[in-house]
Amino acid sequence: MKIGLLQPPYPDKKTPGSVLSTVRWMEKILDSFVGQGIDLVVLPEYCNCPGMEDASAIRSFVNDEGNFFADKLKKYSLVLNCGIIGGIVQEENDKLYNRTVLFSQGEIIYKYDKIHLTDAELDMGFSPGARTGLCEYHGMKLGFAVCFDIYFPEYLAALSAAKIDMLICPSYQRSENTERIAAMTRVRAIDSGAWILRSSYAMGPESLCGGRSMLVSPGGEILDDAGNLPGTLIADFNPEVKFMKSASFGQQLVIHRELVEKKRRNCLYRPAVDNLINYRNNLFPRLCAHRGLSLAMPENSIPAFAAALAAGAHEIEFDLWLSADGVPVIFHDSDLRRVAGVDKIVTDIPWDEISQVDIGAFKGEEWKGIKIPGFEDILKLADGSFGMNIHIKSPGKDGILVKIIGELIKSHGLLDCAYIGGDESVLEAALSLVPEVSRACLAQQDNPDELLKAAFKYKCERIQFFPNFSATHTHQASEAGIINNLFYADDFNEAVKYTEKGIDVILSNVAHTLIGSGFNSLLLHSMK
């Protein structure tokens, strides 16, 4: 693989003219790459607004000249016939993101929002990302660590668990000593078992900080280094080559990362990462416990959820409302009459009062004292090992409930195992306010044709059918990359028939019974 790493001059002033001068420098370098057969180009962090530190000035610039430059990077990826990775600032839903983008063939094929933000970035109003930076490109696994990300070895452990081939590091690090930059980058290469491609800014020949764009091997060897002057690095290497070392003195050579992964004691220090990997790797069909084990114990209660997970359910489903004082409440009905005998509307009551309502007594004396949980209570159980099918009945005024839930999902790092389900009003709010969170279409479920149309309209990753669907409907959804849920099946043979018609996830009130009958051994088709 042939790569090009850019190390532009850092703007000597904070004026738009000085910033544009650095941007034009990068354009000239990209022009010079034409015909050189480069496969991948990496530009530094903030490459569409380098040197700018005022939030309002950044917003103005990135939506004008900075946006033009981002569009040019798309075109360069087409002209150069290569991948281009650049750290750019983008505004989305009135929020600023420090976003690393992979351009290929004139399109954006991947985006990573920096998850570790500095105080300066937070002060400027930037929002952190909520997903580990991972993608596949031309058969290789890429990991992303942007500037401050590189300081977190536990983050590198997560990337190592994903077995990345290359770690892309667009950076600033203007206050960091050049020797520490080099030392840290070398160690992170060994930590991740990956080649590191680092692109930063030249701070000038007299500076002892910043710079050091470099290519580092998985064994920690610096193969090329730009020092602290403006310039480019063009290098050839094989990203499939791994760091080999002896397992111990006098023993045979092994891949270092595989040796370390084999010897990790994950239960002591890395459960969340491994739980999430295991959840992703679960094959279909899966079982989703509807309101927990809702026929065996009080529905939508912590005991019902915990028992479902202990029995082997892959997901839990629950319903949410917003209390009178703005707390997300796990409860199915709009009022408390059916399961608590209280003649009050959930949304009219403050959380302190709701949290004291007994929902166990109606199920039997042995369940007396079970209380209504809040969404925060289920987050205490959430460890990445199970999916959360979150049914929102009403988005709230201006979509406030959807926004609260979406932000909590992001802040707890649960984007890969939680999704919001609802009707069109909920889906519209979710797509507008928290587009990063997966959506499940529950709109017009009595008409599977209209249900599919709504799923496509709101770009849903899931669709939840009633039993009146056909194999044609599930096939259309699967062809679009949508996971098919079914509401619901409590009979084992019935559940099997639904999976044979293309259902991926069965909602059930008796997940433990289906599991006992052998549901989890079906595995009729592979994970999408």
Worksheet item: When the residues of the stretch 489-524 are filtered to those that are in a loop (DSSP other than H, G, I, E, B) and of a type in the set (A, V, I, L, M, F, W, C), which remaining residue is modelled with the lowest pLDDT?
Response: L524
Discussion item. Among the residues in the stretch 464-485, are any surrounded by fewer than 16 Cβ atoms within 10 Å (Cβ to Cβ), closer than 23 Å to A289 by Cβ and of a type in the set (D, E)?
Written reply: no
Worksheet item: Residues of the stretch 436-463 being open to solvent by 50 Å² or more (accessible area, probe 1.4 Å), within 23 Å of E315 (Cα to Cα) and either in a helix (DSSP H, G or I) or acidic (D, E) (or both), which ones?
Response: E461
Worksheet item: Is there a residue being on the phi < 0 side of the Ramachandran plot, of a type in the set (S, T, Y), touching a Leu at 6+ places or on another chain (Cβ under 8 Å) and in a loop (DSSP other than H, G, I, E, B) anywhere in the stretch 129-137?
Response: yes
Practice prompt. Name every residue in the stretch 1-22 that is surrounded by fewer than 21 Cβ atoms within 10 Å (Cβ to Cβ), in contact with a Pro (Cβ under 8 Å, 6 or more places away or on another chain), closer than 22 Å to P205 by Cα and not hydroxyl-bearing (S, T, Y), in order of residue number.
Written response: P9
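Rundown of residues vs (1) open to solvent by less than 30 Å² (accessible area, probe 1.4 Å); (2) modelled with pLDDT of 95 or more, yes/no style:
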site	(1), (2)
M166	yes, yes
S175	no, no
R180	no, yes
D191	no, no
S199	yes, yes
C209	no, no
V216	yes, yes
D225	no, yes
I234	no, yes
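Can you pull out every residue in the stretch 307-348 that is outside any loop (DSSP other than H, G, I, E, B), closer than 23 Å to L293 by Cβ and over 27 Å from the mean Cα position of the chain (by Cα)?
Passing the criteria: A307, A311, R337, R338, V339, A340, V346.
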Item to complete: Only residues in the stretch 387-401 that are part of a strand (DSSP E or B) count as the first member; pair them with residues that are open to solvent by 10 Å² or more (accessible area, probe 1.4 Å) and small (G, A, S), Cβ under 8 angstrom, at least 6 apart or cross-chain, and list the lot.
Response: M388/A382
Worksheet, complete the sentence: Checked the stretch 23-48 for anything open to solvent by less than 20 Å² (accessible area, probe 1.4 Å) and assigned to a loop (DSSP other than H, G, I, E, B); matches are F33, I38, L43, P44, E45, Y46, C47, N48
Item to complete: Go through the stretch 49-68 and give me each residue that's open to solvent by less than 60 Å² (accessible area, probe 1.4 Å) and either on the phi > 0 side of the Ramachandran plot or out of contact with any helix residue (DSSP H, G or I) (no Cβ under 7 Å at 6 or more places or on another chain) (or both).
Response: G51, A55, A57, I58, V62, G66
Worksheet entry | Close pairs from the stretch 244-267: first within 25 Å of W195 (Cβ to Cβ), partner open to solvent by 100 Å² or more (accessible area, probe 1.4 Å) and not charged (D, E, K, R), Cβ under 6 Å, at least 6 apart | M244/L253; S246/L253
Discussion item. Suppose we keep only residues that are in contact (Cβ under 8 Å) with a residue 24 or more places away in the chain and charged (D, E, K, R) within the stretch 49-91. Which one would you say is farthest from Y172 (Cα to Cα)?
Written reply: K75
Worksheet item: Quick one: how many residues across the stretch 79-126 are at pLDDT 95 or above, farther than 12 Å from A145 by Cα, part of a loop (DSSP other than H, G, I, E, B) and open to solvent by 10 Å² or more (accessible area, probe 1.4 Å)?
Response: 5
Worksheet item: Is it true that G220 is part of a loop (DSSP other than H, G, I, E, B) and either without any contact (Cβ under 8 Å) to a residue 60 or more places away in the chain or open to solvent by 10 Å² or more (accessible area, probe 1.4 Å) (or both)?
Response: yes
Worksheet item: Just to be sure, is D71 part of a helix (DSSP H, G or I), closer than 22 Å to G106 by Cβ, acidic (D, E) and open to solvent by 70 Å² or more (accessible area, probe 1.4 Å)?
Response: no
Worksheet entry | Breaking point among (1) at positive phi; (2) without any contact (Cβ under 8 Å) to a residue 24 or more places away in the chain; (3) of a type in the set (G, A, S), for G326 | (2)
Worksheet entry | Qualifying residue in the stretch 274-293 (condition: within 14 Å of S160 (Cα to Cα) and open to solvent by 40 Å² or more (accessible area, probe 1.4 Å)) | yes
Fill in: Subset of the stretch 391-407 [open to solvent by less than 30 Å² (accessible area, probe 1.4 Å) and within 18 Å of the chain's Cα centre (by Cα)]
V402, I405, G406
Practice prompt. Examine the stretch 301-308 for a residue that is more than 16 Å from F386 (Cβ to Cβ), in contact (Cβ under 8 Å) with a residue 24 or more places away in the chain and surrounded by fewer than 18 Cβ atoms within 10 Å (Cβ to Cβ), and state whether such a residue exists.
Written response: no
Worksheet item: Do the conditions hold for Q476, that is, is it at pLDDT 95 or above, under 16 Å from I420 (Cα atoms) and outside any loop (DSSP other than H, G, I, E, B)?
Response: no
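The values are calculated or read from the model by the stated rules, or taken from the named source; none is laboratory data. Just so it is clear, the structure is predicted and the values come from calculations on it, not from any experiment. Positions of Cβ are backbone-derived with ideal geometry, glycine not excepted, and every protein chain shown enters the neighbour counts. Ligands, DNA and RNA are stripped out before the accessible areas are found, and what is left, the full protein with its side chains, is counted by its heavy atoms. Shrake-Rupley method; radii C 1.70, N 1.55, O 1.52, S 1.80 Å.
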